[in-house]
Amino acid sequence: AKYNGKNQYQIFSPSMNLASDKKFMLKNDLQKAVMNDELIIHYQPRFDPITYEVTGAEALIRWNHPELGMISPLEFIPIAEETGLIIQIGEWLIREVCTKSKMWQRQLITPVKISINLSAIQLFQSNFVEKVLTMLRGTELEAKWIEFEITESVIIDKEEQVLKTLTQIKELGISIALDDFGTGYSAINYLRQIPCDIIKIDKSLVKDMQIEVTNFEIVAAIVALCHKLNKTVVAEGVETPQQLLSLQKIECDEIQGYLFSKPVEETEFVEIIKNKKWI
Ligand code: C2E
Ligand code: CA
Ligand code: CA
Ligand code: CA
């Protein structure tokens, strides 16, 4: 019951709190989702902005709920993190990506590096690196074919431990991408701290680039700075030819976005990497 300010108490009925109802339901169902093969992986290719060649891809998880249909990771990843299920889901995803990548290589398809989003909780596990190594050995995939995407949020907590883990990951031969760059508070500081190889410029910056010259100049400066630091720059959320043109001009290394391809199902993705190039 909640006091409504008018000398009356209201009883919360389920229909009055749809959002938390849905969350409660999803929490319950998520456990089963892993076992019932309801989680699926889509792949969004990245491209060279000059040659239009495929340079890599990002694995993006989706939940095909039996009653609710496709559920966005924005909705269920936070729940997976809250419940700790993210550990199990994350492991499934890494193993699945490694298995698929190896399978494609055996079919003589020229492989591309596939990047996997990591939650801070995964990186906080003391045996994370060991687990990853076991998965690589089990699937016989070379480490260079996967990449981990992390956000600045991983560094807020348990700083020393996380930095050690990231260093060990790099030693395995897995590259690290700093995701959503430009959305945090002290991005430059993280650039200094996190041992990353790739910077992914957040789509909000890419969008604003076309709106104001100042924003264009900021993105240009980020690209230049990253190049000075020997990092590869990927722009995400590229939707228009104008954005592509601007990014070509400032020598951004790779682009990802709806202009070239949305995240696609596995079969469609295989066709894209077989073609190697966007035409
Ligand atoms: P993110 O890592 O920043 O992923 C990029 C998001 O931008 C994806 O949304 C992608 O579909 C979307 N996107 C790609 N191109 C464009 C474009 O041109 N325009 C616009 N407006 N959007 C574009 P998605 O797939 O809904 O994923 C949302 C977020 O969920 C991801 O953001 C990531 O933080 C999280 N996520 C997805 N898969 C996983 C996963 O396997 N593990 C973890 N921990 N998080 C995941
Ligand atoms: Ca990402
Ligand atoms: Ca991102
Ligand atoms: Ca994000």
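Bear in mind that the values in this text are calculations on the coordinates, not laboratory data. Model, not experiment: these values are computed from the prediction. For neighbour counting, all protein chains shown are included, and Cβ atoms are generated from backbone atoms with ideal geometry for every residue, glycine included.
Tell me, in nm to one decimal, what length is gained between Thr110 and Asn64 on full extension, where the rule is 0.36 nm per residue of separation less the Cα-Cα distance? Show your work: numbers first, answer last.
Values: separation 46, 0.36 × 46 = 16.56 nm, distance 2.93 nm.
The Thr110-Asn64 span can extend by a further 13.6 nm.
What angle do you read, to the nearest 10 degrees and between 0 and 90, between the alpha-carbon axis of helix 85-106 and the longest principal axis of the chain?
30 degrees
In percent, what relative contact order does region 113-244 have, based on Cα pairs under 8 Å that are 6 or more apart in sequence?
Details: 175 pairs, mean separation 26.3, N = 132.
Answer for region 113-244 is 20 percent.
In the neighborhood of Trp63, defined by Cβ-to-Cβ distances under 12 Å, what is the net charge if each Lys or Arg adds +1 and each Asp or Glu adds -1?
Combined, the nearby Lys, Arg, Asp and Glu give -3.
Under the rule a/c < 1.5 gives rounded, and otherwise a/b versus b/c splits prolate from oblate, where does region 197-243 land using the Cα gyration tensor? Write out the running numbers ahead of the final one.
Numbers: a/c = 2.60, a/b = 1.52, b/c = 1.71.
The shape class here is oblate.
Amide H neighbours of His65 under 5 Å, at least 5 residues apart or on other chains, H built in the peptide plane: list them.
Amide H to amide H, under 5 Å and 5 or more residues apart or across chains, His65 pairs with Met70, Ile71.
Identify all lysines with a Cα-Cα distance to Lys277 below 16 Å; exclude those on the same chain that are fewer than 8 residues away in sequence.
Cα-Cα hits under 16 Å: Lys113, Lys262.
Can you give me the pair-distance distribution of region 29-103, C-alpha pairs, 10 Å bins, whole percents?
Spelled out per bin, shortest first, that is 17, 46, 25, 11, 1.
Identify the GluC sites (Glu not before Pro) of region 11-93 meeting these criteria: DSSP loop state and at most 13 other C-beta atoms within 10 Å of the C-beta. List each step's numbers first, then the result.
Numbers: sites: Glu38, Glu53, Glu58, Glu67, Glu75, Glu81, Glu82, Glu91; in loops: Glu38, Glu67.
The qualifying sites are Glu67.
Sticking with the crude label model, points 7 Å out along Cα→Cβ, report the distance from Glu268 to Glu212 in nm, one decimal please.
In this crude label model, Glu268 to Glu212 measures out at 3.5 nm.
Around Glu239, under 11 Å between beta carbons, what's the net of Lys plus Arg minus Asp minus Glu among the other residues?
Details: positive: Lys203, Lys207, Lys262; negative: Glu236.
Within the 11 Å Cβ shell, the charges total +2.
Among Lys164/Lys231; Lys22/Lys207; Lys22/Lys158, which pairs are too far apart, with a Cα-Cα distance over 23 Å? Don't skip to the end; give the middle numbers.
Numbers: Lys164/Lys231 20 Å; Lys22/Lys207 32 Å; Lys22/Lys158 32 Å.
Listed pairs above 23 Å: Lys22/Lys207; Lys22/Lys158.
What are the radius of gyration and Dmax of region 63-192, computed over its Cα atoms and given in Å?
Rg, Dmax (Cα atoms, Å): 15.6, 46.
First check a/c for region 126-218, with a ≥ b ≥ c the square roots of the eigenvalues of its C-alpha gyration tensor; if it is under 1.5, answer rounded, and if not, answer prolate when a/b is larger than b/c or oblate otherwise. Present the calculation step by step, with values, prior to reporting the outcome.
On the way: a/c = 3.32, a/b = 1.89, b/c = 1.76.
Cα axes put region 126-218 in the prolate bin.
Please identify the trypsin sites (Lys or Arg not before Pro) of region 104-200 that satisfy two criteria: DSSP loop assignment and at most 10 other Cβ atoms within 10 Å. Which are they?
Working: sites: Arg106, Lys113, Lys131, Arg137, Lys144, Lys158, Lys164, Lys170, Arg192, Lys200; in loops: Lys158.
When the trypsin sites (Lys or Arg not before Pro) of region 104-200 are filtered for loop state and at most 10 Cβ neighbours within 10 Å, nothing remains.
State whether region 158-270 is rounded, prolate or oblate according to the following rule on the C-alpha gyration tensor (a ≥ b ≥ c being the square roots of its eigenvalues): a/c under 1.5 gives rounded; otherwise a/b larger than b/c gives prolate, and the remaining case gives oblate. It would help to have the intermediate numbers written out before the result.
Details: a/c = 2.14, a/b = 1.30, b/c = 1.65.
Since a/c reaches 1.5 but b/c is at least a/b, the shape of region 158-270 is classed as oblate.
Can you run phi through the Karplus equation (6.51, -1.76, 1.60; θ = phi - 60°) for region 188-194 and list ³J(HN,Hα) in whole Hz, with x for Gly and Pro?
For region 188-194, the Karplus curve yields 4, 4, 5, 4, 6, 7, 7 Hz.
Can you give the helix-only mean residue ellipticity at 222 nm for the chain, where every DSSP H stretch with n ≥ 4 adds -39500 (n - 2.57) and the sum goes over all residues, rounded to the nearest 500 deg cm²/dmol? Please report the intermediate quantities before stating the final value.
Details: 11 runs with 131 residues, N = 279.
Estimated from H runs of four or more residues: -14500 deg cm²/dmol.
Cα axis of helix 18-35 to longest principal axis of the chain: angle in degrees, 0 to 90, nearest 10?
The angle comes out at about 60 degrees.
Could you give the semi-axes, largest first, of the ellipsoid that matches the chain, computed as the square roots of 5 times the alpha carbon gyration tensor eigenvalues and rounded to whole Å?
Working: eigenvalues 208, 126, 88 Å².
Taking √(5λ) for each eigenvalue gives 32, 25, 21 Å, largest first.
What angle do you read, to the nearest 10 degrees and between 0 and 90, between the alpha-carbon axis of helix 128-139 and the longest principal axis of the chain?
For 128-139 against the chain, the angle is about 70 degrees.
Could you rank the peptides 19-26, 239-246 by their average count of other C-beta atoms within 10 Å per residue, with the highest value first? Kindly include the intermediate steps, with their values, before the conclusion.
Working: 19-26: 13.1, 239-246: 15.6.
Output ranking for 19-26, 239-246: 239-246, 19-26.
From the P(r) of region 73-121, can you give the percent of Cα pairs sitting at distances over 14 Å?
Details: 661 of 1176 pairs.
Tail of the P(r) past 14 Å holds 56 percent of the pairs.
Taking the DSSP beta bridges in the chain as the whole, what percent of them are antiparallel, to the nearest 5? Kindly include the intermediate steps, with their values, before the conclusion.
Values: 17 of 38 bridges.
Of those bridges, close to 45 percent are antiparallel.
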